[in-house]
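For reference, the structure discussed in these notes is given below.
The values are calculated or read from the model by the stated rules, or taken from the named source; none is laboratory data. This one's a predicted model, so the numbers in the text were calculated from it and none came from an experiment. Quick reminder, even Gly has a Cβ in these numbers, built from the backbone with ideal geometry, and neighbours come from all protein chains shown. Side chains are part of the model used for accessible areas, which takes the heavy atoms of the whole protein and leaves out ligands, DNA and RNA. Shrake-Rupley method; radii C 1.70, N 1.55, O 1.52, S 1.80 Å.
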Amino acid sequence: MSKVKIGIVGSRFQADCIAASVRMMPDEAEVVAVASPTPGNAEAFAKRHGIPRAYGDYRELLRDPEVEMISVTAPNRMHAQITIDAARAGKHVVCEKPLCVTLEEADAMIEACAKAGVLLLYAEELFFAPKYVKAKQMADEGAFGRVHVVKQGEKHNGPHSDWFWDVDQSGGGALMDLGCHGIAFCWWFLGKQKIKSVYAQLSTQVHGARTQGDDEALTIIEFENGALGIVENSWNRPGGMDDSIEVFGDKGQVYADLLMGNAMPTYSEVGFGYAVEKAGSTQGWTYPVFEEHWNYGFPQEMRHFARCVRGKETPISDGETGRVVQEVLYAAYASAGLGRKVQLPYRPSGISKPIDLWKRPELALSPS
Ligand SMILES: NC(=O)c1ccc[n+]([C@@H]2O[C@H](COP(=O)([O-])OP(=O)(O)OC[C@H]3O[C@@H](n4cnc5c(N)ncnc54)[C@H](O)[C@@H]3O)[C@@H](O)[C@H]2O)c1
């Protein structure tokens, strides 16, 4: 069977990651087009990654007959519209996290893709991160007995682009940006079971002059079988990205540090090119990581999605996964606003972005 032809929407941070990741596992897919609105960016991106066609408007990319699947790497606020337009154009969609900004958008995206008969694939790479996959395999085998606590943390010193800090474009702060990974991870690790309640403590400790968003977030998820998910996120941790898990059962436990745990403790007086995502410096002691995309699971994720398009595999992360995460994000922001646990299902109406539920707790009480 021929390779799945991918068009990437966006040309910066995550777009680079996706293009490089597809190239790492080239047997199932190839990138044939890119679209980005900033003049010159799509062309430069195409040149950098050896991609044949570059467009200024993603709707032109959607008219490209060769493109079968798009990868949405535009800011959160645009995910829904791009996905719905792509579905109408008959293209499968890989959507970056978070799926979108509102639950209504999540429903509309799922519905549009179902109606068009295309796949909506939710890009949660932690489901493919080799270390985390191994930890889950051991848990599923019974290595830790009954797992009762799963912790996931993602922390760094704040996002690279301005739009993340503008809650109207992003929908929220560190919880929205990074917590979506931990929520998905705990849910997946514990077998995608029902979620009973969510409690969150949010604050803006350091970046109040720059954002309305939370820059410290702690979320506790109670699952149907009584197990707990604990998700810790921060935009206030200098020194490079920190992504790690802890899993506890009645017969054992496992710890995994995705980046520093795979790094080479290094000392350099003069510094060098690159250590790890969001590391401020490469001088002194640093922890340069190798095979960064591979350790995260991005190439494996894109290969899986391409195989899903060809009917060789069934999606393990789809629009429904993104909607589960979105509902927990709503509940977490509402919990922080109300100062108490929020039971699921939780479906407040008329919310324009999750963070409003924290800032204006009266909205969190609106009927579902
Ligand atoms: N899976 C992950 O770990 C991961 C990591 C980083 C980012 N992301 C997600 O990927 C998305 C993009 O983040 P990023 O870090 O690449 O941001 P970025 O700011 O680096 O890049 C955003 C890109 O979107 C483009 N864009 C803006 N408006 C557009 C439009 N109308 N049409 C097409 N493109 C448009 C910009 O030109 C830019 O190329 C976000 O949703 C983010 O949450 C996921």
Trypsin sites (Lys or Arg not before Pro) restricted to segment 55-116 and DSSP loop, no more than 12 other C-beta within 10 Å
ARG63
In terms of the Cα gyration tensor, with a ≥ b ≥ c the square roots of its eigenvalues, is segment 36-92 rounded because a/c is under 1.5, prolate because a/b exceeds b/c, or oblate?
oblate
Tally Lys/Arg at +1 and Asp/Glu at -1 over every other residue whose Cβ is under 12 Å from the Cβ of CYS308; what's the total?
-1
Among beta bridges assigned by DSSP with both residues in the chain, the antiparallel ones amount in percent, to the nearest 5, to 55 percent
Let me check I have the definition right: for the chain, take the eigenvalues of the Cα gyration tensor, multiply each by 5, take square roots. What are those semi-axes in whole Å, largest first?
29, 25, 22
Accessible area per residue, Å², segment 165-277 with all protein chains present, probe 1.4 Å
41 Å²
Under the definition of Cα pairs under 8 Å and six or more residues apart, what whole-number percent is the relative contact order of the chain?
18 percent
What whole number of Å gives the distance from the Cα centroid of segment 299-331 to the Cα centroid of segment 26-94?
18 Å
Charge dipole (debye, nearest 20) of the chain; +1 at Cβ of Lys and Arg, -1 at Cβ of Asp and Glu:
440 debye
With label points built 7 Å along Cα→Cβ from the Cα atoms of LEU365 and LYS196, find their separation and express it in nm.
2.6 nm
Quantify, in whole percent, the carbon and sulfur part of the accessible surface of segment 294-368 (1.4 Å probe; protein heavy atoms only).
51 percent
Just flag the trypsin sites (Lys or Arg not before Pro) in segment 221-329 sitting in loop per DSSP whose Cβ has no more than 13 other Cβ atoms within 10 Å.
LYS251, LYS312
Would you mind checking the radius of gyration and Dmax of segment 141-270 based on alpha-carbon positions, in Å?
16.3, 53
Listed residues ASP177, ASP250, ASP242, most fluctuating in the chain (Gaussian network, C-alpha, under 10 Å):
ASP250
Qualifying chymotrypsin sites (Phe, Trp or Tyr not before Pro) in segment 206-294, DSSP loop, other Cβ atoms within 10 Å at most 13
PHE272, TYR274, PHE290
Residue-normalised value, i.e. accessible area per residue, for segment 1-142 at 1.4 Å probe, in Å², stands at 40 Å²
At what distance in nm do the modelled label points of ASP27 and SER281 sit from each other, each positioned 7 Å from its Cα along Cα→Cβ?
4.5 nm
Select from SER244, SER352, SER268 the residue whose mean-square fluctuation is largest in a Gaussian network model of the chain (Cα-Cα springs shorter than 10 Å).
SER268
Arrange the residues MET264, MET69, MET1, MET138 by how much accessible surface each exposes, largest first, with a 1.4 angstrom probe.
MET1, MET264, MET138, MET69
Positive-pole candidate from HIS49, TRP165, ASN225, dipole of the chain, charges at beta carbon
ASN225
Mind checking which aspartates and glutamates have their Cα closer than 17 Å to the Cα of LYS251? Skip sequence neighbours fewer than 8 apart in that chain.
ASP140, GLU141
With R₀ set to 25 angstrom, the calculated FRET efficiency between the beta-carbons of ASP168 and ARG48, to the nearest 0.05, is 0.25
FRET efficiency for VAL270 and THR38, using Cβ-Cβ distance with R0 set to 35 Å, rounded to 0.05:
0.55
Tell me the label-point distance for the pair ALA143, SER2, using the 7 Å Cα-to-Cβ offset, in nm and rounded to one decimal.
4.2 nm
